[in-house]
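**Q** Just dropping this structure here.
Throughout, read-outs are computed from the coordinates displayed, never taken from laboratory work. These numbers come from a predicted model, not from an experiment. Virtual Cβ from ideal backbone geometry, glycine too; neighbours counted across all protein chains shown.
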């Protein structure tokens, strides 16, 4: 039923797209009948007056607006609208629930009701829309010498090129990540010191450290979990199967296979990773019901000294959005230290310390053909304004003296973190469309500013982010490269991975190989895995300009 719905939806998209190219849909006109070779409008902010042109912009709604504001009507949307009015652009915002953005996006595109500027992290949709002539080629609005100067300066060439296909068409504007930091491996440093154990640097040392923690139980709590690996669920969402981020990467070392995904099928060392996790399970070094663990259980074990180590999002130990778990732990045990450590050495390549990272690009912004050339140019001008200090910088950092002060390195540092949370931080990442995680020129600027958001815990935050970027980074960007065959088979792949992945970890050691072999066989017979991987690799090569890099 799901596959039939997706096929029908794509067909409707094609029909609507063709109608748009023939003058149908909101805002369409004679200049919307096809791609132009060079836009007659200048898209650098401050150059062109668009004479009252109307555009609309998608904005995610996370149901977190303070009283008196909404995601579409607040201090910051009004600030942007006033800036656009100076250029003759009348702008409105369209609210889309963050958790439902893909479904809402496909519905709006199919019905011709999408706003002028749409964004998604699932780039494959944009590729399909372009192939079906449903969205604008943005090259004529961006590539010229006088076009979108601020936007191009902020994004940089590498990030801008991520949105281009092999024919030179600019499918969308890809937001630049302020940092590609993804993950940390955390451990109870105070327990290691008490037991006389050095910080582990290899997977073998990590295993032995966890074994000592479980055997000696320095926390003195019943049912202490040496290593928690169940909070990161066995998920097929991004074609990965990982329970423990950092040790996982120590068994794998190929950037392309990481980005394409399906390493459990393609990498000959994945079986070694399974045997490694199997040893933790059979030796009683981890939660015996890891596959059913929840984040709330992790948090409880963390703050009550029942957890020796775990792997999760960068900064998790002191993340203020999660309540700063280390602070709570220290209230119970002032000497406790759950800290990030550097990634572990690759098992097969000595001297390399791989770990996962985000891809350099984040959200892709694109423009439906239901709008005309002038409206697209106005929309690009809005994005160009975001590349300025008056635009995106203010969106994210606010105003000097009210929201931040510059430090000795000329980095904007939050003045009052609590005030900023209510006044702007609830919206800043969603309204600043051309940059993921904030308006920063360098990673160091980002690290200093994000640390200042958490007064008293700056050193932990800095260490978390520095260690998350230490070693050999392997971008995990599978969501960018999902072809239709991957989407069609995703549910079946997830089910097979859930079943056999858990069996491989919980079985007797001598049964791992047989279970793994059956897992791979089921992927072939039930999930068309070979075709999925072939198609995904082809998309990866296309997005990377055919270089495969």
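**Q** Could you state the angle between the C-alpha long axis of helix 373-386 and the longest principal axis of the C-alpha atoms of the chain, as a value from 0 to 90 degrees rounded to the nearest 10?
**A** Its long axis makes an angle of about 50 degrees.
**Q** Of the DSSP beta bridges with both residues in the range 183-356, give the percent that are antiparallel, rounding to the nearest 5.
**A** Within the range 183-356, antiparallel bridges account for around 70 percent of the total.
**Q** With 10 angstrom as the radius, rank 339, 318 by how many other C-beta atoms surround their C-beta, starting from the fewest.
**A** So the residues, fewest neighbours to most, are 339, 318.
**Q** Next question. Of all beta bridges DSSP finds with both residues in the chain, what is the antiparallel percent, to the nearest 5?
**A** 50
**Q** Continuing with the same structure: At q = 0.17 Å⁻¹, what is the base-10 log of I(q)/I(0) for the range 104-211 according to the Debye formula with one equal point scatterer per Cα and no solvent? Please give it to two decimals.
**A** Cα-only, vacuum Debye calculation for the range 104-211: -0.84.
**Q** Just the Cα atoms of the range 397-536: what Rg and Dmax do they give in Å?
**A** Cα radius of gyration and Dmax of the range 397-536 are 22.9, 65 Å respectively.
**Q** Rank these for me by crowding, 480, 105, going from fewest to most other beta carbons within 10 Å.
**A** Least crowded to most crowded, the residues run 105, 480.
**Q** Is the chain rounded, prolate or oblate when judged by the Cα gyration tensor, a ≥ b ≥ c being the square roots of its eigenvalues, rounded requiring a/c under 1.5 and prolate requiring a/b larger than b/c?
**A** oblate
**Q** Moving on to the next point. Expressed as an acute angle from 0 to 90° and rounded to the nearest 10, what is the orientation of the C-alpha long axis of helix 203-216 relative to the principal long axis of the chain?
**A** That helix lies at roughly 60 degrees to the long axis.
**Q** Using the alpha-carbon atoms, what tilt in degrees (0 to 90, nearest 10) does helix 458-468 show relative to the longest principal axis of the chain?
**A** 90
**Q** Any chance you could list the semi-axes, whole Å, largest first, of the equivalent ellipsoid that the Cα gyration tensor gives for the range 183-356, using √(5λ)?
**A** 26, 17, 15
**Q** Let me ask you something else. I need 507, 126 ordered by Cβ neighbour count within 10 Å, fewest first.
**A** With the fewest neighbours first, 507, 126 line up as 507, 126.
**Q** Quote the FRET efficiency, to the nearest 0.05, computed for residue 525 versus residue 157 with a Förster distance R0 of 60 Å and r equal to the Cβ-Cβ distance.
**A** Taking R0 as 60 Å, the efficiency between residue 525 and residue 157 is 0.85.
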